[in-house]
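Remarks on the structure that follows.
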Amino acid sequence: GESVGLHLPTLSVQEGDNSIINCAYSNSASDYFIWYKQESGKGPQFIIDIRSNMDKRQGQRVTVLLNKTVKHLSLQIAATQPGDSAVYFCAERAPGRRALTFGSGTRLQVQP
Amino acid sequence: EAGVAQSPRYKIIEKRQSVAFWCNPISGHATLYWYQQILGQGPKLLIQFQNNGVVDDSQLPKDRFSAERLKGVDSTLKIQPAKLEDSAVYLCASSLRLAGVNTDTQYFGPGTRLTVL
């Protein structure tokens, strides 16, 4: 399949380490945020979301942190596995809209 | 549960030709989206449907792009005529609209990769 994000920033980690992927969002009025994972040749896959009235949310091996003061979102992946290798996108949604505005993405490479 | 289906998966055409993409959303999902993803970038919304009505088409290049969702289920996206810069992956997504909920998850299909020569 085709490659997603040939010129994206890349984060390279060792298997078993923790990964932190960062995202700066654009709209201070956005009230909902999502992280998607996209593997080559596939559509984006939902990972975790967070509403603007929260600053942290945890899932299975993943944690999203939201800092509205500086319009920053991060995704933490614990004990990174080779299957986590993909491009990760953050997305935001403005109040009253359902469509998402995506960031530019980060490629995560997990070294065995 | 079956996911969002799209076809074809790949399409190669010459500039000025026409092309159409098809999407079948998850059963029961009222909201359907078409996104364009240029290589190296995040998806960008082209059009959003709620049932068979257009909610947002502000970023759709209407001189060449059109989309419809006649029966509120399947949707087609058409480009006529295509330009070189239309080369991209076209993603369809759907979500289950719940009254009073602004956090319904969008589920994406595998996309159609269009190459315009």
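The values are calculated or read from the model by the stated rules, or taken from the named source; none is laboratory data. Small disclaimer: the values here were computed from a predicted structure and weren't measured. So basically every Cβ, Gly included, is an ideal-geometry build from the backbone, and we count neighbours across all protein chains shown. Surface accessibility is based on the protein's heavy atoms, side chains included, excluding ligands, DNA and RNA. Shrake-Rupley method; radii C 1.70, N 1.55, O 1.52, S 1.80 Å.
Quick notes on this one:
- Applying 1/(1 + (r/R0)^6) with r as the Cβ-Cβ distance of A:Q81 and B:Y10 and R0 = 30 angstrom yields a FRET efficiency of 0.50.
- Accessible-area composition of region B:5-94, carbon plus sulfur, in percent [1.4 Å probe]: 50
- Net length gained if the chain between B:D56 and B:D74 were fully extended (0.36 nm per residue, minus Cα distance): 4.7 nm
- Residues of type aspartates and glutamates that B:K78 reaches as a straight line, Cα spacing below 20 Å, ignoring anything fewer than 8 places off in the same chain: B:E14, B:D56, B:D57, B:D63, B:E68, B:D86
- Carbon + sulfur, % of accessible area of chain A - ligands and nucleic acids excluded, 1.4 Å: 45
- Those residues of region B:35-66 for which accessible area with every protein chain present is at least 40 Å² below the isolated value (1.4 Å probe): B:Q37, B:L39, B:G40, B:P43
- A simple spin-label model places pseudo-atoms 7 Å from Cα toward Cβ; at A:V70 and A:F46 they are separated by 3.0 nm.
- Tensor-based shape of region A:29-68 (alpha-carbon gyration tensor, a/c under 1.5 rounded, otherwise prolate or oblate): oblate
- Partners for A:K37 among aspartates and glutamates (Cα-Cα distance below 15 Å; same-chain residues under 8 apart left out): A:D49, A:D84, A:E92
- Cα-projected label distance for A:D55 with B:S27, points at 7 Å along beta-carbon direction, nm: 4.5
- Candidates B:G53, B:G72, B:G40, ranked by Gaussian network fluctuation over chain B, Cα under 10 Å, top entry: B:G40
- Compactness index (Cα Rg / 2.2 N^0.38 Å), chain B: 1.02
- Computed from protein heavy atoms with a 1.4 Å probe, the total accessible area buried between B and A is close to 2100 Å².
- Rounded to the nearest 0.05, the FRET efficiency derived from the C-beta distance between A:N18 and B:L96 at R0 = 30 Å is 0.35.
- Using the 1.4 Å probe convention, the accessible area of region B:5-94 works out to 47 Å² per residue with neighbouring protein chains retained.
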